[in-house]
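Below is one structure, written out as structure tokens, with a few remarks after it.
The values are calculated or read from the model by the stated rules, or taken from the named source; none is laboratory data. As the structure is a computational prediction, the values presented were derived from the model and not from experiment. As a convention, Cβ positions derive from the backbone with ideal geometry for all residues, glycine included, and neighbour counts pool all protein chains shown. Just the protein is used for accessible areas: all its heavy atoms, side chains included, with ligands, DNA and RNA removed. Shrake-Rupley method; radii C 1.70, N 1.55, O 1.52, S 1.80 Å.
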Amino acid sequence: MIQQKFAFLSRLFRCCMYLGLTAIAGFSAGGAVAQTYPSKPMRIVVPFAPGGSTDILARTIASHLEKRYGVPVVVENRPGGATVVGAMAVAKADPDAHTLLLASDTTYAINPHVLLNTPFDPIRELAPVSVIGNAPNWIVVAENSPLRNFDDFVRAVKENPGKISTSVNSIGGQVHLVLNAWARRNQLDLTIVPYPGVARAIPDLFGGNLNAICDVVGGTARYVEDGKMRALALFQSTPSNLVKTPSYTESGQKDLDIVTSFVMFTTAGSRQANIDKVSAEIASILKEPDVAEKLRSLAISPVGLDPAQTSAFILRENARFKKIVEETGFKL
């Protein structure tokens, strides 16, 4: 009888040990799964309307991340509020680096200084992932416009105060800020019309409701190539290897250099290992031949900084634009 009880207890002990070890193994496996990144579909939020350079760039990166990670990567356009609508959607997302934001200087360098009642702090609530690339800006008109060059544009503004209009991509953005400062400095009454994306400005240009569009080159390059638009000047004082358009300096103008930096963010509080992983993946994607060709077509020079370098870049740009805003007194 005693031997039977002992055998029973021995079997029970071995069973408990097995179940315990199995549970531990399952817990460890579950922990490993929890650490897998990405573990669910991803989003890239674009704070502009579809069709512009930021949107095209985001979709290019998304398609390659999807192939590499094996999970859906959806691009979500959330324009409005000087990029605040889209940026806040990422800032308030789950902090797991599955929601990304492809933004421009408006979000991280200008809004904190020009918005009087900013609803969130991009420096504190967004985590830097990578500087994707840089692109010059230019001014274009419809092919049937009487304006043939930038001299013509400046002359038209002087002769028609308040009647010559140009769009800018986002209210309070770099183009808006620099163009406004240039017009004030030269005592030009230029009507600047902010749009949530160049795609919405193009029909107004062709319809005669706008005289010009000021935007990153890639947003309208295909229309210039097709002969439907004409580029008047590149807002860059140094020659470009990617764009064969005269610099604004050839018209004797100053202080109109506008270079847009495309920066990827995610939600603050996300695991740094996840941020580092997607940053490295993006840097690798930028070296893919088809991606390099797409960037060239958009006149974007690839960069691919890591999170630490991106953070330092953002802080420098934030400080630089703070000074510009203070000098111009520009507020929204």
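Of note:
- Each semi-axis of the equivalent ellipsoid for segment 97-153 is √(5λ) with λ an eigenvalue of the Cα gyration tensor; in descending order they amount to 35, 16, 10 Å.
- Prolate/oblate/rounded call for the chain, Cα gyration tensor, a/c under 1.5 rounded: prolate
- Helix 174-185 vs. the chain, principal-axis angle (Cα, 0 to 90°, nearest 10): 30
- The phi-based Karplus calculation (6.51 cos²θ - 1.76 cosθ + 1.60; θ = phi - 60°) puts the 3J(HN,Hα) values of segment 186-199 at 9, 6, 9, 8, 9, 8, 9, 10, x, 10, x, x, 5, 4 Hz, whole numbers, x for Gly and Pro.
- Normalised by 2.2 N^0.38 Å, where N is the number of residues, the alpha-carbon radius of gyration of segment 128-199 equals 1.25.
- Here Leu147 sits with roughly 20 square angstrom of accessible surface, probe radius 1.4 Å.
- For the chain, the residue among Thr266, Pro194, Ala135 whose Cα projects farthest onto the positive side of the dipole built from Cβ charges is Thr266.
- Probe 1.4 Å, accessible area per residue of the chain, Å²: 47
- Difference of contour (0.36 nm per residue) and Cα-Cα distance, Thr36 to Lys92: 18.0 nm
- DSSP bridge analysis restricted to the chain gives an antiparallel fraction near 60%, rounded to the nearest 5.
- One chain, two ends: Gln309 and Phe206. Fully extended at 0.36 nm per residue, the span grows by 33.0 nm beyond their Cα-Cα distance.
- Put the Cα centre of segment 253-297 next to the Cα centre of segment 173-205 and the gap is 25 Å.
- Relative contact order, whole percent, for the chain stands at 26, derived from Cα pairs under 8 Å and 6 or more residues apart.
- Computed E for Val74/Asn241 - FRET, C-beta separation, R0 30 angstrom, nearest 0.05: 0.35
- Full-extension gain in nm, Arg222 to Ser297, via 0.36 nm per residue minus C-alpha separation: 26.1 nm
- Heavy-atom accessible area ranking, 1.4 Å probe, most first, across Ser251, Ser63: Ser63, Ser251
- Accessible area ranking (1.4 Å probe, heavy atoms, ligands and nucleic acids excluded), largest first, for Val224, Val73: Val224, Val73.
- Virtual spin-label span in nm between Asn117 and Arg185, 7 Å along Cα→Cβ: 3.3
- Charge dipole (debye, nearest 20) of the chain; +1 at Cβ of Lys and Arg, -1 at Cβ of Asp and Glu: 940
- Acute angle (nearest 10 degrees) that the helix 307-328 long axis makes with the longest principal axis of the chain, alpha-carbon atoms: 30
- Taking the Cα centre of segment 249-332 as origin and assigning +1 to Lys and Arg Cβ atoms and -1 to Asp and Glu Cβ atoms, the resulting dipole is close to 260 debye.
- Percent carbon-and-sulfur accessible area, segment 221-316, ignoring ligands, DNA and RNA, probe 1.4 Å: 50
- Per-residue SASA remark: Met229, around 10 Å² accessible (1.4 Å probe; ligands, DNA and RNA not included).
- Overall form of segment 154-240 per C-alpha gyration tensor (a/c, 1.5; a/b vs b/c): rounded
- 5 angstrom amide H check on Val73, placed H, neighbours 5+ away: Met42
- Comparing Glu225, Glu281, Glu125 in a Gaussian network model of the chain (Cα springs below 10 Å), the most mobile by mean-square fluctuation is Glu225.
- Nonlocal amide H pairs with Val193, under 5 Å, H built at 1.01 Å: Thr166, Ser167, Val168
- Gyration tensor (alpha-carbon) shape descriptor, segment 46-105, a/c threshold 1.5: oblate
- For Ala233, the amide hydrogen comes within under 5 Å of the amide hydrogens of Ile139, counting only partners 5 or more places away or on other chains and with H modelled in the peptide plane.
- 3J(HN,Hα) from dihedral phi, segment 120-127, Karplus parametrisation 6.51/-1.76/1.60, rounded to Hz, x for glycine, proline: 7, 9, x, 5, 8, 9, 10, 9
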